[in-house]
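Just below is one structure, and these are the notes that go with it.
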Amino acid sequence: MKPTMMDVAALARVSQATVSLILNGSSGARFSEATRKRVLDAAQELGYRLSNRSAAAPANSSTKVVVFVVDELTTDPWMSMAFEGAREKALELGIMVTLGVFRKDEDPEGGIFSVCESQSLLGYIFGTILTRKIDPPEPLFKVPSVLVNCYDHERRLPSIVPGDVAGGRAAAERLIASGCRRIALINGQEGLDNPRDRLRGYKQALASNDLAYDPELVHYGNWEPSSGYEKTHALMKLPNPPDGIFCANDLMALGCIEALKELGKSIPTDVAVVGFDNRDIAQFTMPPLTTFHLPMFEMGSMAVEMLADIAGGLNSSHDQLKVECRLVERQSA
């Protein structure tokens, strides 16, 4: 069997999105030379070539094409991961997938959509880098379309989103299982879907385990390590500080861990820490970060399957699928 991008990622100990961005030479992606070398060495050792990916279907006029349209590609790896999941599944199904970027202020009758009208379209997958409600561009209603990491405010199109409520609950319950009884939440920016849903899950976990909700233990950050660091210092200054901290993403967890070390706290003995997203860096923190996997790769794969079903006349009765964010056990909790 020919090696896949997943094989390269496993050997290099990075995500599929990292492999995709490095091997495709994305100019907007920033990686260390050590990471680039690991990926390139792994690809060479396995005999992986990008041309392996072009065998999904013969290039002729009857080839069906799925167009994966995103609002952002390089700020975070999430849409790259979803696209790679879509490509893996499309390869199995004999479908070609192409990628385009459509920004909020662009004319939906131009750009990527106007180019794609001349293709033999199976349909569109439309993804956003932030989980959010959208008003889908008009071209999505002309052919079968599936939304990834976003949803139609009127539920006119099927969507696939991460199970953030269940993930937030599982994260808090993981800390409770470690013996924590005063659990803080360093959340993302207020007003976004992910922070709202992860907070809801966190509250559910506390209520189910007879633990009181204390608003002093919930702080909102900006997804960056600096806010994790600052909010942890603020939390540890409380008269009754937390013995467990759930950070709503891994980058804030990095800052949290650094702050706890600075304060002389042992992790997880004094304070347990759980992150969310399962970024590459999470396995290299000291101690390695217990976190929850954001299933973008799986969501991209599911979107191709759903689109193929819709195009084949098998419409689902579910207008939205929520995908489990699985626990990744390490040593911080």
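The values are calculated or read from the model by the stated rules, or taken from the named source; none is laboratory data. These numbers come from a predicted model, not from an experiment. Neighbour counts are summed over all protein chains in view; Cβ atoms, including those assigned to glycine, are modelled from backbone coordinates with ideal geometry. Keep in mind that these areas ignore ligands, DNA and RNA; they rest on the heavy atoms of the full protein, side chains included. Shrake-Rupley method; radii C 1.70, N 1.55, O 1.52, S 1.80 Å.
Once backbone amide H atoms are built at 1.01 Å from N, Ser159 has Leu147, Gln320, Leu321 as its partners under 5 Å, excluding neighbours fewer than 5 places away on the same chain. Hey, if you drop one equal point scatterer on each alpha-carbon of segment 126-281 and run the Debye formula without solvent, what base-10 log of I(q)/I(0) do you get at q = 0.11, 0.18 Å⁻¹? For segment 126-281, the Cα-only Debye profile gives -0.46, -0.99. Using only the Cα atoms of segment 173-251, build the gyration tensor, take square roots of its eigenvalues as a ≥ b ≥ c, and label the shape rounded, prolate or oblate: rounded if a/c is under 1.5, else prolate if a/b is larger than b/c, else oblate. Oblate, because a/c is 1.5 or more while a/b does not exceed b/c.
Extension gain for the segment Leu40 to Thr75, taken as residue separation times 0.36 nm less the Cα-Cα distance, is 10.4 nm to one decimal. According to the square roots a ≥ b ≥ c of the eigenvalues of the Cα gyration tensor, what is the shape class of segment 214-268, taking rounded for a/c under 1.5, prolate for a/b larger than b/c otherwise, and oblate for the remainder? The shape class here is oblate. Amide hydrogen proximity for Ile129: with H placed 1.01 Å from N in the peptide plane, the residues at 5 or more positions away or on another chain lying under 5 Å are Asp71, Glu72. Evaluated over the chain, the count of Lys pairs having alpha-carbon atoms less than 26 Å apart is 23 (only pairs 8 or more residues apart or interchain). For the chain, the relative contact order is 17 percent, taking Cα pairs closer than 8 Å that sit 6 or more residues apart in sequence and dividing their mean separation by the residue count. Only helical runs count toward this figure. For the chain, summing -39,500 (n - 2.57) over DSSP H runs of n ≥ 4 and dividing by all residues gives -11500 deg cm²/dmol at 222 nm. Seen against the Cα atoms of the chain and their longest principal axis, helix 250-262 is set at about 20 degrees.
Gain on full extension, evaluated as 0.36 nm per residue between Asp270 and Glu305 minus their Cα-Cα distance, stands at 8.0 nm. In this calculation the C-beta distance from Ala177 to Ser120 is compared with R0 = 45 Å, giving a FRET efficiency of 0.30. Whole-Hz Karplus values for segment 86-101 come out as 5, 5, 4, 5, 4, 4, 5, 8, x, 10, 8, 10, 10, 10, x, 10 Hz, taken residue by residue from phi with 6.51 cos²θ - 1.76 cosθ + 1.60 and θ = phi - 60°; glycine and proline positions read x. Farthest toward the positive end of the dipole of the chain, out of Ala311, Met286, Leu211, is the Cα of Met286, where the dipole comes from beta carbon charges about the Cα centre. For the peptides 138-145, 263-270, the ranking by packing is 138-145, 263-270, with the highest mean count of neighbouring Cβ atoms within 10 Å listed first.
Give the angle, between 0 and 90 degrees and rounded to the nearest 10, that separates the Cα long axis of helix 33-46 from the longest principal axis of the Cα atoms of the chain. The answer is roughly 50 degrees. In this structure, His153 and Ser208 have a Cβ-Cβ separation that, at R0 = 30 Å, corresponds to a calculated FRET efficiency of about 0.45.
Its residue count N fixes a reference of 2.2 N^0.38 Å for segment 245-327, and the Cα radius of gyration divided by that reference is 1.54.
The HN-Hα couplings worked out from phi for segment 130-147 by the Karplus form 6.51 cos²θ - 1.76 cosθ + 1.60 (θ = phi - 60°) are 10, 5, 6, 7, 10, 9, x, x, 4, x, 5, 8, 8, 9, x, 9, 10, 9 Hz, whole numbers, x standing for Gly and Pro.
Coupling constants for segment 278-289 follow from the phi torsions by the Karplus curve (6.51 cos²θ - 1.76 cosθ + 1.60, θ = phi - 60°), and in residue order they are 6, 5, 3, 5, 4, 7, 10, 6, 10, x, x, 7 Hz; glycine and proline get x.
Calculated FRET efficiency, Leu314 to Glu106, Cβ-Cβ distance, R0 = 35 Å: about 0.60 to the nearest 0.05. Each principal axis of the chain carries a Cα extent, and these read 69, 49, 33 Å when sorted largest first. Between amide H atoms placed 1.01 Å from N, distances below 5 Å from Ala272 occur with Gly244, Ile245, all of them 5 or more places distant or on a separate chain. Taking a point 7 Å out from the Cα of Glu329 in the direction of its Cβ, the residues of segment 166-192 whose backbone N falls within less than 16 Å of it are 171, 173-179. Roughly to the nearest percent, how much of the accessible area of the chain is carbon and sulfur, given a 1.4 Å probe? Ligands and nucleic acids excluded, carbon and sulfur reach 50 percent.
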